[in-house]
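Read the structure below first, then the notes.
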Amino acid sequence: MTQSRVRLSHTELAALARHAFGLAPEAPDLPPATEYEDAEGVLVATAADGGLAVREIPRWRSPASVRQDLAARGWDRPATSVGQPPPDASGLPDRLLVLLPVAGTAPDSAVISLGAAVWADVAVGRELVIVPVPVTAAAPELEWLQLAAAYGGGPVAAHVDPAPPHTGGRVVMFTGLSGAGKSTIAGRLVELLLEAGLTVTLLDGDEVRTHLSAGLGFSRADRDTNVRRIGWVAAQIAKHGGLAVCAPIAPYAATRADARRLVEEQAGPGSFVLVHVATPLEECEARDRKGLYAKARRGEIAEFTGISDPYEEPADAELTIDTRTSSVAESARLVLAHLAGS
């Protein structure tokens, strides 16, 4: 095999960690390569002669290090809880090893910090050792009793939510033609969210192009890059439990799908809400305060969405808004109602 290096996903890194820690009997199924790195570019494993050599696992605590920590505390096979606290925490022991199965999440995901915070709230006055572990909550790769034993734990109680982890963060992406009303509705939505006491980040198309995407043009490749950058930043916000509102044109279905994937990988299923502001082209042209459509019609602007470059109407939008029949305030409240009800 020729020399090649692959960056592993969070799910693949968790599988590698299970293999390295002896939690899984077989080597993980990784993409063909000779070297594997994590998201920071750290070399974590090499492949040669059909085998896999693990170099280091920088994120996950090994079972051996946890056992060593417990021994230093004088804990001998302490009671172990996997997942969430029980509904009634009054019977919890004074010392408890807590294992959080969070395989597939980013190391700085709010899923982990929120899980630890819940335990800290309910177990006041008790000693806790909380350890995120590279095991999948919905489909654990080994029995909870085996997992606890590997990390030095004793009797096990499990309260695991099998649903995919969700940080509580959300991303609302408005898409539509230039002049459709995306930015205006997005701005009013942000006002409503702030009035509700929420913290929100607005990633408006024009401002993003001035700062995050400075230097990009309007070719298809540059437009794709611009939307993917917006999606990546929004995903980082949602990963930490935040709320982001975006208002690019985002004319291409595949790029919008990439943005959805980026967000939902970080913040969980359903965290991405696509809103199609479906104002027709003739209405957008009639509203054109900047004269962009007129310039595009005269051929002065190349690859202008709706005129000389296509806008691919979304088939997967959670909401579709027609601003000819829905005011800015009404449109923003429709989105707010969707967020509250989903």
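The values are calculated or read from the model by the stated rules, or taken from the named source; none is laboratory data. Given the structure is predicted, the values throughout are model-derived calculations rather than measurements. FYI the Cβ positions are ideal-geometry reconstructions off the backbone, even for glycines, and counts take in every protein chain you see.
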Residues in region 292-306 that are under 34 Å from the mean Cα position of the chain (by Cα) and on the phi < 0 side of the Ramachandran plot: how many? 2
If we scan region 265-280, do we find a residue that is crowded, with 21+ Cβ neighbours inside 10 Å and out of contact with any helix residue (DSSP H, G or I) (no Cβ under 9 Å at 6 or more places or on another chain)? yes
Spot the failing condition for ARG77; the list is (1) part of a loop (DSSP other than H, G, I, E, B); (2) loosely packed, with under 13 Cβ neighbours inside 10 Å; (3) touching a residue at least 40 places away in the same chain (Cβ under 8 Å), and only one is missed. (2)
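Each row is one residue, and each column tells you yes or no for (1) hydroxyl-bearing (Ser, Thr, Tyr); (2) at pLDDT 95 or above; (3) farther than 28 Å from HIS240 by Cβ; (4) surrounded by 23 or more Cβ atoms within 10 Å (Cβ to Cβ).
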| residue | (1), (2), (3), (4) |
| --- | --- |
| ALA106 | no, no, no, no |
| ALA116 | no, no, no, no |
| GLY125 | no, no, yes, no |
| ILE130 | no, yes, no, no |
| VAL133 | no, yes, no, yes |
| THR136 | yes, no, no, no |
Odd one out for ASP88, checked against (1) within 28 Å of ALA238 (Cβ to Cβ); (2) modelled with pLDDT under 95; (3) not polar (S, T, N, Q): (1)
With respect to the numbered conditions (1) in a helix (DSSP H, G or I); (2) crowded, with 18+ Cβ neighbours inside 10 Å; (3) touching a Lys or Arg at 6+ places or on another chain (Cβ under 7 Å); (4) modelled with pLDDT under 95, which one is the sole condition not fulfilled by ALA332? (4)
Which condition does TRP60 not pass, out of (1) surrounded by fewer than 19 Cβ atoms within 10 Å (Cβ to Cβ); (2) in contact (Cβ under 8 Å) with a residue 60 or more places away in the chain; (3) under 25 Å from the mean Cα position of the chain (by Cα), if it passes all the others? (1)
Suppose we filter ALA259, ALA253, ALA238, ALA267 for residues that are closer than 21 Å to ARG188 by Cα, in contact (Cβ under 8 Å) with a residue 24 or more places away in the chain and of a type outside the set (Asp, Glu); which single one remains? ALA238
Within region 84-112, work out how many residues are over 17 Å from PRO63 (Cα atoms) and part of a strand (DSSP E or B). 1
